[in-house]
Amino acid sequence: MPKEMEEKLKVKARKLFGSTTSERARKYIYGTMRKTGWVPSTQKKSEKKKK
C-alpha cells in the first residue's frame, strides 16, 4: 500500500508544485504519508529496541 499511495501523492504533488523533487513536494508526500500512519523502516527498528 505505501508504494501505491506514494505514487498517487507524487502525481498530485506534480500538479500542485510542478515537480516531485522540490522541497515542498517532498515534504507534502512525506507528511501526508505520516498522517495516515506510515512509519519509515528506520524508525520501525528503533521502536522494537525500546520494547
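The values are calculated or read from the model by the stated rules, or taken from the named source; none is laboratory data. Just so we're clear, the structure is a prediction, and the values are computed from it rather than from any experiment. Backbone-built Cβ (ideal geometry, glycine too); neighbour counts: all protein chains shown. Each accessible area value is taken on the protein alone, full model and side chains, heavy atoms only, with ligands, DNA and RNA left out. Shrake-Rupley method; radii C 1.70, N 1.55, O 1.52, S 1.80 Å.
Side notes on the structure shown:
- Carbon-plus-sulfur accessible fraction, the chain (probe radius 1.4 Å, protein heavy atoms only): 54%.
- Over 21 Å apart at the Cα level, from the set K12/K35; K10/K45; K12/K44; K8/K44; K8/K45, are K10/K45; K12/K44; K8/K44; K8/K45.
- Our helix-only sum for the chain, with -39,500 (n - 2.57) per DSSP H run of n ≥ 4 divided by its residues, gives a mean residue ellipticity at 222 nm of -24000 deg cm²/dmol.
- Difference of contour (0.36 nm per residue) and Cα-Cα distance, E7 to T20: 3.7 nm
- 12 Å beta-carbon shell around M1, net charge (K/R +1, D/E -1): -1
- With Cα atoms, 0 to 90° folded angle of helix 23-35 axis to the chain main axis: 50
- Accessible surface, per residue, of the chain when the full set of protein chains is kept, probe 1.4 Å, Å²: 88
- Applying the Karplus relation 6.51 cos²θ - 1.76 cosθ + 1.60 with θ = phi - 60° to region 6-17 yields 3J(HN,Hα) values of 5, 5, 5, 5, 5, 5, 5, 5, 4, 6, 6, 10 Hz, where x marks Gly and Pro.
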